Amino acid sequence: MPVVAAASTPKTEIAPKRERYLAHTDHLMVVVIDFADGPMSEPDPPHSHPHEQVTYVASGELIFYIEDKPHTLREGDLITVAPNLPHTIQLLTETCRLVDTFTPLRDEFIEG
């Protein structure tokens, strides 16, 4: 299995002051998302998807909402999201780095 360095993985701007890069195998995807638009006075609009998700907070602090239930997360924390549950975030710090793991693959992320 190839090893890919972050420096050689293209970053994609997903919104102003937000970018992501990713790696995947045939059945598992890891997505690193860098946020630089905090702190936020309101959470992002909720979304859902049919994928299982595990999120690791690599840096920063945020409120992670799952079905409107708030979970305050800090660097080193993990949270899981079951398929099809509405969820969103609200940054509490200026910057935040999240590492999301998905199965199955998020094809829309691969396709751009």
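The values are calculated or read from the model by the stated rules, or taken from the named source; none is laboratory data. Since we're looking at a predicted model, the values are computed, not measured. Please note: Cβ atoms are built from the backbone with ideal geometry, for glycine as well, and neighbour counts cover all protein chains shown. For the accessible areas, the whole protein counts, side chains as well, though only heavy atoms, and no ligand, DNA or RNA atoms are used. Shrake-Rupley method; radii C 1.70, N 1.55, O 1.52, S 1.80 Å.
Observations
- If the condition is being open to solvent by less than 70 Å² (accessible area, probe 1.4 Å), without any contact (Cβ under 8 Å) to a residue 24 or more places away in the chain and touching a Pro at 6+ places or on another chain (Cβ under 8 Å), then the stretch 57-106 contributes only I66.
- Cβ-Cβ contacts under 7 Å between residues 6 or more apart (or on different chains), taken from a first residue in the stretch 42-56 that is open to solvent by 90 Å² or more (accessible area, probe 1.4 Å) to a second residue that is part of a loop (DSSP other than H, G, I, E, B) and small (G, A, S), are listed as E52/A82.
- Odd one out for F109 among (1) of a type outside the set (V, I, T); (2) surrounded by 15 or more Cβ atoms within 10 Å (Cβ to Cβ); (3) part of a strand (DSSP E or B): (3)
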